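Here the structure comes first, spelled out in structure tokens, and everything after it is commentary.
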Amino acid sequence: MTSIEYTSPEEFASGYRTLQSTFASNRTKSIKWRKWQLKQLWWLLEQNLDKIVDALHTELNRHAFETLTMEVRGIKGDIVDMLEHIDEWSQGEKPDAGFLFGTLGKAWLRKEPLGVTLIIAAWNFPLYTLLSPMVAAIAAGNCIFLKPSELAPATQALLVDLVPKYLDQSAIRLVTGGPAEVGRMLEFKFNHIFYTGGGKVGRIIATAAAKHLTPVVLELGGQAPVIVTKTADIELAAKRIAHAKLTNSGQVCLNGNHIFADPAVHDRLLERLQFWFDKFLETGNEQFATIINERHFDRIAGLLKSSAGVVVYGGDLDRDRKYIKPTIVRDVTTDDSLMSEELFAPIAPVIVADVDRAIRIIRSMPPPLGLYIFSKEQAEIDHILDNTTSGGVTINDLMVHAGVPHAPFGGVGESGYGSYHGKYGFDAFSHTRTVVAPPTWLEAVMSFRYAPFDVKKAKF
Ligand code: NAD
């Protein structure tokens with residue numbers, strides 16, 4: 001049973017009042033409360049692993065391995081990290097405040113929760129994109145509205161059941177809805193909004209937030225390029241690109257979208273890509289995810305049909321199963337349909353380009369969330385880094401920069417703003433409040449600022 005009733009405007013308004021008054025009571029500021037809720041979330045995951053795996057299988061035909069490694073393990077890692085650091089991070093820190101404020105007086109940077117935050121998640125990792133930001137929001141002491149994606153209805157229904165059972169309802173509320181319901185929710189003033197999804201909706205969220213001057217983190221996507229240079233280890237590149245394109249059936253925000261192959265290695269790359277797709281499919285065909293819904297299936301099928309490139313592998317589409325076989329398209333040009341938007345599919349368009357041409361094309365497109373370089377030469381890698389921008393970069397692999405402990409994860413330009421993971425997540429949901437107590441006993445020295453003014457005293 002996956003269909004649920006969306007949160008009504010009255011329910012939302014009542015939840016809003018509850019969360020406002022809980023925050024005002026300082027309940028969520030207590031470190032004990034934060035740790036308790038983080039541990040409760042751990043148990044929510046631990047005691048419901050089978051249900052979570054089943055929900056994601058219903059959603060995407062996804063194998064348990066991918067759900068456990070790419071959703072559950074990540075959230076649990078975040079919980080452990082926050083539990084380990086919450087005492088230290090919530091204490092704030094002493095700035096390098098100079099002799100007057102730092103040595104003679106006392107200056108302090110307090111870390112304070114922002115208030116009531118709204119977390120809106122995407123469907124492709126419906127658990128991680130909802131609960132990982134929540135870990136940071138709890139650790140920082142906020143009240144939280146959780147809005148899962150309605151396009152992942154099995155996960156949404158599971159969370160509707162589990163969240164009230166495990167988490168403190170006076171401070172954490174799960175709310176549901178599609179565009180119309182979210183639109184109404186956005187009329188309320190939040191103290192912070194954390195959104196994961198596409199850029200089109202990201203603009204709607206940021207516009208609505210701006211009316212209340214609400215700060216926003218936007219975790220968006222984009223067309224992440226893969227550059228395979230003439231010095232690359234082609235076997236490794238082919239294997240890892242094929243693996244990424246099969247991960248969640250290519251429906252990963254960080255996935256390599258299109259591939260720039262140097263003319264010197266192009267043919268061999270295509271041949272090895274086919275080899276690795278064959279190999280992975282031969283041993284694990286039933287294990288790979290399918291496309292989320294018919295609408296996305298039709299979108300991808302349309303892009304493929306309109307492409308002027310040459311399909312050299314795959315191209316098989318089965319709408320009943322929402323299955324798209326991994327597909328390699330060669331001779332793709334920059335004005336091709338496959339280059340017109342983020343593919344979010346197991347399709348690998350290949351463009352013949354040496355490093356400088358690849359850089360020119362990348363610079364002509366919006367900054368992506370990830371950029372992937374397969375090269376054995378540091379000078380070549382540095383040249384690409386110096387002449388491009390992206391949320392993050394992985395060298396000789398794809399996507400793994402998102403898993404670097406204590407490193408920020410986020411986009412730049414059209415791939416989003418703000419970041420999270422570890423301390424960056426804690427800070428995203430915190431206000432750093434400067435507090436200073438200048439020395440009272442130094443009045444004789446500090447009185448230089450009072451009238452009558454003496455310009456000689458301004459020159460120090
Ligand atoms: P989406 O933009 O369609 O929807 C995301 C959320 O926005 C959902 O919860 C949905 O209910 C809400 N929403 C949809 N339409 C709305 C509207 N008109 N007004 C208000 N809210 C609305 O995104 P998606 O299709 O769910 O996700 C795919 C996109 O997300 C891709 O671009 C992908 O790259 C990106 N993504 C980014 C990350 C990241 O961490 N940066 C992670 C996963 C996905």
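The values are calculated or read from the model by the stated rules, or taken from the named source; none is laboratory data. Quick caveat, the model's predicted, so the values are computed rather than measured. Backbone-built Cβ (ideal geometry, glycine too); neighbour counts: all protein chains shown.
Contact map, segment 107-129: first residue more than 6 Å from the ligand (Cβ to nearest atom) and acidic (Asp, Glu), second residue modelled with pLDDT of 95 or more and not in a loop (DSSP other than H, G, I, E, B), Cβ cut-off under 6 Å, separation 6 or more or different chains; pairs are GLU112/HIS431; GLU112/ARG433.
Counting only residues that are outside any loop (DSSP other than H, G, I, E, B) and surrounded by 17 or more Cβ atoms within 10 Å (Cβ to Cβ), segment 110-126 holds 7 of them.
Of everything listed in (1) surrounded by fewer than 19 Cβ atoms within 10 Å (Cβ to Cβ); (2) within 13 Å of the chain's Cα centre (by Cα), the single unmet condition for ILE395 is (2).
All but one of (1) away from the ligand (no atom under 15 Å from the Cβ); (2) part of a loop (DSSP other than H, G, I, E, B); (3) charged (D, E, K, R); (4) free of Cβ contacts under 8 Å to residues at least 24 places away in the same chain hold for LYS189, so report the exception by its number. The failed condition is (4).
Considering only residues in segment 193-213 that are β-branched (Val, Ile, Thr) and in a helix (DSSP H, G or I), the one that is surrounded by the fewest Cβ atoms within 10 Å (Cβ to Cβ) turns out to be THR207. Please work out if THR129 is within 28 Å of GLU286 (Cβ to Cβ), in a helix (DSSP H, G or I), of a type in the set (S, T, N, Q) and in contact with a Leu (Cβ under 9 Å, 6 or more places away or on another chain). So THR129 does not fit the description; no. Quick one: is TRP33 closer than 20 Å to PRO148 by Cα and aromatic (Phe, Trp, Tyr)? When the stated conditions are applied, TRP33 does not pass them. Looking across ALA136, ALA154, one residue alone is at pLDDT 95 or above, within 20 Å of the chain's Cα centre (by Cα) and more than 9 Å from the ligand (Cβ to nearest atom). It is ALA136. Scanning segment 79-99 for residues that are within 13 Å of VAL436 (Cα to Cα), surrounded by 14 or more Cβ atoms within 10 Å (Cβ to Cβ) and out of contact with any Leu (no Cβ under 8 Å at 6 or more places or on another chain) gives a single hit, ALA97.
Here ARG295 clears all of (1) in contact (Cβ under 8 Å) with a residue 40 or more places away in the chain; (2) within 30 Å of the chain's Cα centre (by Cα); (3) part of a helix (DSSP H, G or I) except the condition numbered (1). Tell me, yes or no, whether segment 384-395 has at least one residue that is at pLDDT 95 or above, acidic (Asp, Glu) and away from the ligand (no atom under 16 Å from the Cβ). There is at least one residue in segment 384-395 that is at pLDDT 95 or above, acidic (Asp, Glu) and away from the ligand (no atom under 16 Å from the Cβ).
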